[in-house]
Amino acid sequence: MKTLPKLSFWQIFNMSFGFLGVQIGYSLQNGNTSRILSALGANVEHLSYFWLAAPIAGLIVQPIVGLSSDKTWTRLGRRIPFILGGALVSAMAMFFMPNSEFFAYLLPPLFFGAFMLLFMDTSFNVTMQPFRALVGDMVSEEQRNLGYSVQSFLINTGAVVGSLLPFVLTWLGVPNTPSSGEKVASTVIWAFYFGGGTLLLSVLWTAFSTKEYPPKEYEQYHNISTEEKKHTSLVSLVKDIPITMWRLAIVQFFSWFALFLMWVFTTSGVAQNVWHTIPQDSTSAAFNEAGNWVGVIFAVYSLFAALFSMVMARLANKFGRKTIYALALLAGGIGLISTIFIHNQYGLIISMLGVGIAWAAILAMPYAILSAALPASKMGVYMGLFNATITIPQITAGLLGGTILTLLGGKAIIMLGVAGLSMLIAGLCVVFVREHISENQ
């Protein structure tokens, strides 16, 4: 049996470089979607419902993409065609979404914006999932912590850029309030243009600098037998899911439930708790200033995550993946809960330290743990199925978010406390995860 070759740092870097642009776009979406939808007329109690379409679509699309990419081979490779296709659709949706009001002849602006959110988030997921599988395909067990840590670093570097863009554009003199008769600020529109363009360029870099292993060579590296290559239905694949994946799913549920609430309610919560304005006043200078600052603190937690990613592989090698994963999630829970008690915009930066550490671990540790437990011939489809552990908690949070907010008196900042509690539960659940060290790597 051939063993996977040891890759240079730059080979590992290049195969994940496209994630830099994807995350710039994803961060712009997370930091500004509620802001855009509020400007288009959505009530804060209904915001989580508009976010539902994207994870529902991802739940359906991801296993199909994974199964298809496992069986695909083209001149560009197995995973890269899907990465390129998803990036193209993502970029187009980013160009259209902040301009939704100008397509009123097709649909009411709020509904057009919701449809663009659906296309954008679904295509982001189509692009992200093969990136995860690509590292699992090409990186040995010895370098797996490094592979996913580099990916986490690039993701968070992209998140810093994407989160800061509206703030930086305001500093450069781009208007941060809508022009007369318009709904969305120019800073948001131009940030989305930049994000879409960067996404395409970075994905092209990965596509042309990374050469995937041809099918026969891939099978030799991963010791794939003829029996393993036989067609398997999704139903039988679900029945054979490794126990490691089931237990990681519990951790993922509480982690992503927390993240979804954070992304949906932070802008409204900070606007109320720090700027003392209301989401219904979404075109005011105060609300848009709060929106820009949310971009800043999202960039801050991404910066902390990028820095933590630089040492995370070494820490995981020394103390174990589970230990680092659990401690990071506990830090994130404490950070989110602390936002309730902070009424100064700069104090929120301290809260973001814990959130950033948790985010870095969420982007790397589950995949490092999972990829070692998966059969190489089914890497793509199982990574696609694993995406359900991201989308289902988001769907749950979307359905329950408005109700929880109403029960808590309509204070959006309290939702960050709920998110923090969920993150703490996730950290405690890591203890039940069973690690598996691959014998084929």
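The values are calculated or read from the model by the stated rules, or taken from the named source; none is laboratory data. Please read these numbers as outputs of a predicted model, since none were measured by experiment. In this analysis, Cβ positions are derived from the backbone assuming ideal geometry, glycine residues included, and neighbour counts consider all displayed protein chains.
Please verify whether region 138-160 includes one or more residues that are outside any helix (DSSP H, G or I) and free of Cβ contacts under 8 Å to residues at least 40 places away in the same chain. No, region 138-160 contains no residue that is outside any helix (DSSP H, G or I) and free of Cβ contacts under 8 Å to residues at least 40 places away in the same chain.
One residue alone among Leu348, Leu336, Leu408 is surrounded by fewer than 21 Cβ atoms within 10 Å (Cβ to Cβ) and more than 26 Å from Gln129 (Cα to Cα), and that residue is Leu408. Considering each residue of region 107-127 in turn, at least one proves to be outside any helix (DSSP H, G or I), modelled with pLDDT under 85 and farther than 29 Å from Trp293 by Cβ.
Kindly establish whether Phe95 is surrounded by fewer than 19 Cβ atoms within 10 Å (Cβ to Cβ) and under 24 Å from Leu165 (Cβ atoms). Spelling it out, Phe95 is indeed surrounded by fewer than 19 Cβ atoms within 10 Å (Cβ to Cβ) and under 24 Å from Leu165 (Cβ atoms). Within region 263-295, the residues that satisfy the criterion of being crowded, with 19+ Cβ neighbours inside 10 Å and of a type in the set (Val, Ile, Thr) are Val264, Thr266, Thr267, Val270, Val274, Thr277, Val294.
Kindly evaluate Ser48 against the criterion of being at pLDDT below 80, within 20 Å of the chain's Cα centre (by Cα) and under 24 Å from Ala185 (Cβ atoms). Judged against the criteria, Ser48 is a match.
Do we find a residue being of a type outside the set (Ser, Thr, Tyr) and out of contact with any helix residue (DSSP H, G or I) (no Cβ under 8 Å at 6 or more places or on another chain) anywhere in region 152-165? Scanning region 152-165 turns up no residue that is of a type outside the set (Ser, Thr, Tyr) and out of contact with any helix residue (DSSP H, G or I) (no Cβ under 8 Å at 6 or more places or on another chain). Those helices (runs of 4 or more DSSP H) of region 1-81 in which 2 or more residues are under 24 Å from Leu199 (Cα atoms) and of a type in the set (Gly, Ala, Ser) occupy 9-39, 53-71. Please work out if Phe19 is within 26 Å of Ala299 (Cβ to Cβ), out of contact with any Lys or Arg (no Cβ under 6 Å at 6 or more places or on another chain), surrounded by fewer than 24 Cβ atoms within 10 Å (Cβ to Cβ) and of a type outside the set (D, E, K, R). No. On inspection, Phe308 does not qualify as at pLDDT below 90, of a type in the set (Phe, Trp, Tyr), in contact with a helix residue (DSSP H, G or I) (Cβ under 8 Å, 6 or more places away or on another chain) and in a helix (DSSP H, G or I). Restricting attention to region 166-183, the residues that are of a type in the set (A, V, I, L, M) and in contact with a helix residue (DSSP H, G or I) (Cβ under 8 Å, 6 or more places away or on another chain) total 2.
For region 356-380, the set of residues classified as at pLDDT below 80 and either within 20 Å of Leu424 (Cβ to Cβ) or hydrophobic (A, V, I, L, M, F, W, C) (or both) consists of Ala376, Met379, listed by residue number.
For Gly58, the test of being crowded, with 24+ Cβ neighbours inside 10 Å, closer than 23 Å to Trp293 by Cβ, within 19 Å of the chain's Cα centre (by Cα) and at pLDDT below 80 is failed.
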